[in-house]
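Contents: one structure, followed by commentary.
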Amino acid sequence: MTKSRATPSQFHGGAAIEVIDVSKTFQRRGEHLAVLDRISLEAAAGEFISIIGPSGCGKSTLFNILAGLESADGGKVEVNGAVATGASEHFAYKPQKDLLFPWRRVLDNATLGLEVQGMKKKDARQLVEPLIEKFGLTGFEHCYPYELSGGMRQRVALLRTVVQGRQIVLLDEPFGALDYLTRTDLQLWLSSMWEQFHWTVVLVTHDVPEALLLSDRVYVLGNRPASVCCVLDVDLPRPRGLECIGTPRFAELEEVLLTNLRDPERANRSSSIGSAHLIGDGRVDG
Ligand SMILES: Nc1ncnc2c1ncn2[C@@H]1O[C@H](COP(=O)(O)OP(=O)(O)O)[C@@H](O)[C@H]1O
Ligand SMILES: [Mg+2]
């Protein structure tokens, strides 16, 4: 392997992340809008964790802080035990509204993140091309976004994100706008990519089965200002296929998440269920 030609092998391996007591209040037209209230969560290197919470509770704000686009008012973020503030080289971020440029072909959309980092187009293509097949885009390299299905567009956006070779991948509701079948296909595909590349993944979703299918652990956030109201270890065996959705354990875990989402206050007062840690006032309760 020459130095100038990077290969996909450089994308292997994730990093541990710890979010510790991160808080954020926006100032809007002279008013304070408290959004995040001492959020703490963690993922070991190579773990897949999900964050679920009501709309507007601050999930995208948390990702913006991790990616260095917003600053936190309090708390800290650590990657592999070292404080990581501001724009950090550890995170690949796929924002919630991550549009492809309609005038750029698939290859050129996929290389965009690398080009923005200052890489020459030719070098960026050398990184992207070996991944085209894995991302199910063979034969579509020279198509424009309007020629692709919704699922393919998402795969191009994901390729653009992960080709940047960062150790922690932040995905903000990547499949929210897709129909059920396409979404399910992409969930299983993402799971297989994660198993191959061993990234650390943090996924924001509002889809409870999606969180359970993909994650090692799920963090449930309450209403704004959001704090973590439940941490659920997902002990379903891997590799997981659609068949696990029909199992009694899946239904049990789904019920825990739905109870917490519907009424975080009430869920906090109930006793610990299965592998869920119910959290009140920032402390583990059971
Ligand atoms: N830059 C900003 N300035 C002021 N308010 C913001 C800003 N970004 C987000 N907000 C507000 O913070 C709250 C949380 O937003 P967001 O993080 O996008 O929620 P979620 O992703 O959970 O739906 C919303 O009320 C939103 O209007
Ligand atoms: Mg959001």
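Rule-based calculations on the coordinates, nothing more; no lab input. Please read all numbers here as calculations on a predicted model, not as lab measurements. Counting neighbours? That spans all protein chains shown, and the Cβs are built from the backbone with ideal geometry, glycine included.
Remarks
- Matching residues, the stretch 106-150, being within 20 Å of Thr182 (Cα to Cα) and part of a helix (DSSP H, G or I): Val106, Pro145, Tyr146, Glu147, Gly150
- Every condition in (1) in contact (Cβ under 8 Å) with a residue 24 or more places away in the chain; (2) outside any helix (DSSP H, G or I); (3) surrounded by 15 or more Cβ atoms within 10 Å (Cβ to Cβ) holds for Trp103 except the one numbered (3).
- Scan of the stretch 13-32 for residues that are part of a loop (DSSP other than H, G, I, E, B) and touching a helix residue (DSSP H, G or I) at 6+ places or on another chain (Cβ under 7 Å), ordered by number: none
- Check on Gly68, within 16 Å of ligand 1 (Cβ to nearest atom) and more than 30 Å from Leu258 (Cα to Cα): yes
- In the stretch 145-187, residue surrounded by the fewest Cβ atoms within 10 Å (Cβ to Cβ) [restricted to those that are hydrophobic (A, V, I, L, M, F, W, C), within 16 Å of ligand 2 (Cβ to nearest atom) and in contact (Cβ under 8 Å) with a residue 40 or more places away in the chain]: Ala157
- Matching residues in the stretch 193-252 - criterion: being touching a Ser or Thr at 6+ places or on another chain (Cβ under 6 Å), part of a strand (DSSP E or B) and away from ligand 2 (no atom under 16 Å from the Cβ): Val218, Asp233
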